[in-house]
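Chemist: Sharing a structure with you now.
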Amino acid sequence: MHITVIGSGYVGTTIAACFADLGHKVTAIDIDDDIVATINEGEAPIDEPGLDDLLEAHVGDRLTATTSYDAVPDSDVTFLAIGTPSNADGSIDLTTLAAAAEATGEALADKTDRHLVVVKSTITPPSIASTIEPAIDAGADGNENVEIGMNPEFLREGSAVEDFVNPDKLVFGTNSEWASNRLHDVFEPLQDDRSVPIVDTDPATAAMIKYANNAFLASKISLVNDLGNICKEFGLDAYEVMDAVGLDDRISERFLRSGVGWGGSCFPKDVAAITAAARETGYEPAVLEAAIDVNDRQPGRLLDLLTKHVDVDGARIAVLGLAFKPQTDDIRNSRAIPIIEQLQDLGAEIVAYDPVAMDPMCNRFPDIEYAASAAEALEGTHGAVVVTDWDEFATLNDEFDEMETPVVVDGRRIVDPSTEMTYEGLTW
Ligand code: UDX
């Protein structure tokens, strides 16, 4: 099968490389010359484990990148993998996706066989009919051979290739049996000797499944954080409590780690977008609003624990961990951002460290100090806060002796508290 993938960002490049690995011929299309050149050299434009290997294996053979839409009509199916950034009110900005949808439609205006255009981007259910379908139609001049489908992705940063290969489920949102069969054919090689559950539904329901999935996971963490805050007030260990709660099959032991909260490019954007879309209908989604509120409050609770032990005004404070989660340099919506802002407001002298995310944070906060190691960051400080659960923070020990006053507030339950120090866990 020949697949065209429009957009070579994080999702587009991953699926293009993975489709090629499944045996399909793939043309990756992007407007950015540099990204296209990078892919054609067999290198990934983003940092994702396993992606370089797949590109190196398939570029020049099954996979090619280009800026031209010429391959679209010759392909069997086109995936739209264009980012949908947030507007100020949390709603999604569909401008770039709609432009790509229209350009795809234009490329298909004269196609005489049926063609499926599948939206991979995360979009709200009503926007399929209100924005994306009309954009494709306008480009294709109403060519009825062009059909729309929706196939949301559930890829996590840092394990996107593995998540593609081992999905919990595949969601196919289509309007016809032909379109559904086409998506089944695309993913058939993935099934191998397994049977990945496939949800066959309509495009709007498929779009909603993506939001419901992420809203559920983000709310699960916020609920765990809410319960964790209560545990802390009672002097109890939330991890001991949730370890027992997670034994209930209906709850599962995953995503029960309480702490400083969720960040990244998906949870904050998606929860805000579905909340904004709900409000447009006149419905106030109370649980989702509370999930955002609890998440926004966790950094402040972390700093309340610090100020219990340290007069932060004029004090030197180490911030350990800047990425939104370990194994990535992504700082988008990292909890480290509000923590640094609030420490600045409190008058702290900040020294930050992260194994890989210091460059991006330096663009965001050029005026704070950055250390070359956790040990260097801790030296001479009056307190430290731990924001990302990097493994290397678990092995810190004597390094805490170099602090002026060894007060450590752990937002991720990663530090070993056995060394002599004043240790506070956020929810334990
Ligand atoms: C998420 C979804 O998991 C993925 O399915 C979707 O496609 C994109 O969004 P990602 O943003 O890569 O993936 O991160 P994930 O590993 O899910 O973690 C999200 C945030 O939740 C991180 O900030 C993490 O630290 C936090 N988290 C996660 C917790 O605070 N506690 C937990 O128990 C789990």
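Bear in mind these aren't lab numbers, they're just calculated from the coordinates by the rules spelled out. Predicted model, so just to flag it, every value in this text is computed and none were measured. A quick note on method: Cβ atoms are made from the backbone with ideal geometry, for glycine too, and the neighbour counts reach across all protein chains shown.
Chemist: Pick out, from the stretch 1-68, the helices (runs of 4 or more DSSP H) lying fully within it that include 2 or more residues that are on the phi < 0 side of the Ramachandran plot, without any contact (Cβ under 8 Å) to a residue 40 or more places away in the chain and not polar (S, T, N, Q).
Modeler: Filter on the stretch 1-68 gives 33-40, 51-58.
Chemist: Also: Every residue in the stretch 164-178 that is farther than 17 Å from Ser121 by Cβ and either within 15 Å of the ligand (Cβ to nearest atom) or surrounded by 22 or more Cβ atoms within 10 Å (Cβ to Cβ) (or both), please. First the steps, then the outcome.
Modeler: Quick first cut of the stretch 164-178, residues farther than 17 Å from Ser121 by Cβ only: 165-169, 175-178.
Once the filter is applied, which keeps residues that are farther than 17 Å from Ser121 by Cβ and either within 15 Å of the ligand (Cβ to nearest atom) or surrounded by 22 or more Cβ atoms within 10 Å (Cβ to Cβ) (or both), the stretch 164-178 yields Val165, Asn166, Pro167, Asp168, Lys169.
Chemist: Here's a follow-up. Looking for whichever is crowded, with 16+ Cβ neighbours inside 10 Å, of a type in the set (Gly, Ala, Ser), assigned to a helix (DSSP H, G or I) and away from the ligand (no atom under 16 Å from the Cβ) here; the options are Ala218, Ala204. Which one fits?
Modeler: On the way: Ala218 fails: away from the ligand (no atom under 16 Å from the Cβ).
So the residue among Ala218, Ala204 that is crowded, with 16+ Cβ neighbours inside 10 Å, of a type in the set (Gly, Ala, Ser), assigned to a helix (DSSP H, G or I) and away from the ligand (no atom under 16 Å from the Cβ) is Ala204.
Yes or no, residue by residue, for (1) farther than 15 Å from Asp410 by Cα; (2) within 16 Å of the ligand (Cβ to nearest atom):
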{"residue": "Asn229", "(1), (2)": "no, yes"}
{"residue": "Met242", "(1), (2)": "yes, yes"}
{"residue": "Gly246", "(1), (2)": "yes, yes"}
{"residue": "Asp249", "(1), (2)": "yes, no"}
{"residue": "Ser258", "(1), (2)": "no, yes"}
{"residue": "Ser265", "(1), (2)": "yes, yes"}
{"residue": "Glu289", "(1), (2)": "yes, no"}
{"residue": "Val294", "(1), (2)": "yes, yes"}
{"residue": "Pro299", "(1), (2)": "no, yes"}
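Chemist: For residues in the stretch 111-161 being under 15 Å from the mean Cα position of the chain (by Cα) and either away from the ligand (no atom under 16 Å from the Cβ) or not in a loop (DSSP other than H, G, I, E, B) (or both), which is surrounded by the most Cβ atoms within 10 Å (Cβ to Cβ)? Before the answer, list the steps.
Modeler: Of all residues in the stretch 111-161, those under 15 Å from the mean Cα position of the chain (by Cα) come to 120-123, 152-161.
Imposing the further condition that a residue be either away from the ligand (no atom under 16 Å from the Cβ) or not in a loop (DSSP other than H, G, I, E, B) (or both) reduces the set to 160-161.
Numbers: Ala160: 24, Val161: 21.
Among those residues, the one meeting the criterion is Ala160.
Chemist: Collect the residues in the stretch 337-367 that are surrounded by 21 or more Cβ atoms within 10 Å (Cβ to Cβ) and of a type in the set (Asp, Glu), keeping them in residue-number order.
Modeler: Asp354, the sole residue that qualifies.
Chemist: Which one of the conditions (1) surrounded by 24 or more Cβ atoms within 10 Å (Cβ to Cβ); (2) away from the ligand (no atom under 16 Å from the Cβ) does Ser334 fail to meet, given that it meets all the rest?
Modeler: Only one criterion in (1) surrounded by 24 or more Cβ atoms within 10 Å (Cβ to Cβ); (2) away from the ligand (no atom under 16 Å from the Cβ) is unmet by Ser334, namely (2).
Chemist: Every residue in the stretch 81-102 that is over 30 Å from Glu289 (Cβ atoms) and either under 18 Å from the mean Cα position of the chain (by Cα) or in contact (Cβ under 8 Å) with a residue 40 or more places away in the chain (or both), please. Even if it seems obvious, please write down each step before you answer.
Modeler: Applying the first criterion (over 30 Å from Glu289 (Cβ atoms)) to the stretch 81-102 yields 99-102.
Residue satisfying the conditions is Ala100 alone.
Chemist: Mind counting the residues in the stretch 341-390 that are hydrophobic (A, V, I, L, M, F, W, C) and within 16 Å of the ligand (Cβ to nearest atom)? Talk me through it step by step, then tell me what you get.
Modeler: First, the residues of the stretch 341-390 that are hydrophobic (A, V, I, L, M, F, W, C): 343, 346, 348, 350-352, 356-358, 361-362, 365, 368, 371-372, 374-375, 377-378, 384-387, 390.
With within 16 Å of the ligand (Cβ to nearest atom) added as a condition, the list becomes 356-357, 361, 385-387, 390.
Total satisfying the criteria: 7.
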